[in-house]
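Asks: Please find one structure pasted underneath; my questions will follow.
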Amino acid sequence: MTNNHQKPLKKGGFTFKRFFVAHDKSPMQVTTDSCLLGAWAPIPSELHRVLDIGSGCGVIALMLAQRLENQICQIDAIDIDKAAVKQCQKNIKRAGFQSIIVQQADINQFQVGITSFYDLIVTNPPYFASAVECRNASRQLARYTESLNFHQLIDTVKRLLKPQGVFCLVLPFNLSNQFRLQSESNQLYLQQVMNVKYNANKDFSLSLMAFSLSKKDNILIQQLCMRDDNGCYSQEFRKLLAKFYLFRK
């Protein structure tokens, strides 16, 4: 039921239950892809350090900070874009989570201390080949694979992930098998996957995938349909995003 006395939502960003994510200065805005990944990413039993690659306005880092607020951990949010980093820092300060540290860096050159590897690495990576130029250089860098292709991403994960760590990402469904094959040829193995479709009549559009450095006999395969036959958010989608979305309709 719609509440007519609800406050109007702020512009220039996305309002969650616990925080507001401004994205008007970031090349990439808050997307359903990122929200799904932030809510779904499996949390390892031993977790002290998290890395968000290409954090943009900080939505995934903030969602993970909320999920992990009762654990002592550090979340490193890394982005190559100066404006995105600045906006991410403001969003985190406003939200009040102390666990997130934002840095401007090219992940291909990013270094950590010899004992400072990550228990969880997450990313909503750039994935369109640059057949069509973006009008804006920042958006080009955020959206296309020139700044971070699959090979570079896999190398980065192998370099920074702890032996028992988990790596999670979201990709268009039609690229997921290619990424899985490339990962497994580099000893990074699929552990679980959730394939997402917009509604029952559509093909799958997204894959949320979790990898680790050790092979698993039984891969957990799940499906999610975002909307029901009436066009409303499905119960499964509502359950996954229950702690984050306002669900005004």
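Asks: Collect the residues in the stretch 156-206 that are under 17 Å from the mean Cα position of the chain (by Cα), within 21 Å of Thr31 (Cα to Cα) and of a type in the set (A, V, I, L, M), keeping them in residue-number order.
Replies: Across the stretch 156-206, the qualifying residues are Leu169, Val170, Leu171, Leu175, Val193, Met194, Val196, Leu206.
Asks: Given the condition buried (at least 17 other Cβ atoms within 10 Å of the Cβ), more than 21 Å from Cys35 (Cβ to Cβ) and either free of Cβ contacts under 8 Å to residues at least 24 places away in the same chain or under 19 Å from the mean Cα position of the chain (by Cα) (or both), answer yes or no: does some residue in the stretch 228-246 qualify?
Replies: For the stretch 228-246, residues buried (at least 17 other Cβ atoms within 10 Å of the Cβ), more than 21 Å from Cys35 (Cβ to Cβ) and either free of Cβ contacts under 8 Å to residues at least 24 places away in the same chain or under 19 Å from the mean Cα position of the chain (by Cα) (or both): absent.
Asks: What are the residues in the stretch 46-62 that are closer than 18 Å to Phe16 by Cβ, outside any loop (DSSP other than H, G, I, E, B), of a type outside the set (D, E, K, R) and in contact with a Ser or Thr (Cβ under 8 Å, 6 or more places away or on another chain), if any?
Replies: Val59, Ile60, Ala61
Asks: Can you name every residue in the stretch 11-37 that is under 22 Å from Leu208 (Cα atoms) and among the polar types (S, T, N, Q)?
Replies: Across the stretch 11-37, the qualifying residues are Gln29, Thr31, Thr32, Ser34.
Asks: Check off (1) touching a Ser or Thr at 6+ places or on another chain (Cβ under 6 Å); (2) on the phi > 0 side of the Ramachandran plot; (3) not hydroxyl-bearing (Ser, Thr, Tyr) for Asp79 and give me the number that stays unchecked.
Replies: Of everything listed in (1) touching a Ser or Thr at 6+ places or on another chain (Cβ under 6 Å); (2) on the phi > 0 side of the Ramachandran plot; (3) not hydroxyl-bearing (Ser, Thr, Tyr), Asp79 misses just condition (2).
Asks: For the stretch 105-160, what are the residues that are at pLDDT below 90, aromatic (Phe, Trp, Tyr) and more than 17 Å from Pro172 (Cβ to Cβ)?
Replies: Across the stretch 105-160, the qualifying residue is only Phe110.
Asks: Sticking with this one: Any residue in the stretch 49-67 that is closer than 29 Å to Gln191 by Cα, surrounded by fewer than 20 Cβ atoms within 10 Å (Cβ to Cβ) and of a type in the set (A, V, I, L, M)?
Replies: No; the residues of the stretch 49-67 include none that is closer than 29 Å to Gln191 by Cα, surrounded by fewer than 20 Cβ atoms within 10 Å (Cβ to Cβ) and of a type in the set (A, V, I, L, M).
Asks: With the checklist (1) part of a helix (DSSP H, G or I); (2) farther than 30 Å from Ile221 by Cα in hand, flag the one item Ala39 doesn't pass.
Replies: (2)
Asks: Condition first: at pLDDT below 75 and either exposed (fewer than 10 other Cβ atoms within 10 Å of the Cβ) or more than 20 Å from the chain's Cα centre (by Cα) (or both). Now tell me which residues in the stretch 1-29 satisfy that.
Replies: Met1, Thr2, Asn3, Asn4, His5, Gln6, Lys7, Pro8, Leu9, listed by residue number.
Asks: Would you be able to tell me the number of residues in the stretch 32-84 that are among the hydroxyl-bearing types (Ser, Thr, Tyr) and over 12 Å from the mean Cα position of the chain (by Cα)?
Replies: 1
Asks: All but one of (1) more than 18 Å from Leu37 (Cα to Cα); (2) surrounded by fewer than 20 Cβ atoms within 10 Å (Cβ to Cβ) hold for Ser183; state the number of the condition that does not hold.
Replies: Condition not satisfied by Ser183: (2).
Asks: Find the strands (runs of 3 or more DSSP E) located wholly in the stretch 67-127 whose residues include 3 or more that are in contact (Cβ under 8 Å) with a residue 12 or more places away in the chain and either under 27 Å from Leu206 (Cβ atoms) or of a type in the set (Asp, Glu) (or both), and list them.
Replies: Those strands (runs of 3 or more DSSP E) span 74-79, 118-123.
The values are calculated or read from the model by the stated rules, or taken from the named source; none is laboratory data. What you are looking at is a predicted structure, and each value in this text was computed from that prediction instead of being measured. Positions of Cβ are generated from backbone atoms using ideal geometry, with glycine treated the same way; all protein chains shown enter the neighbour counts.
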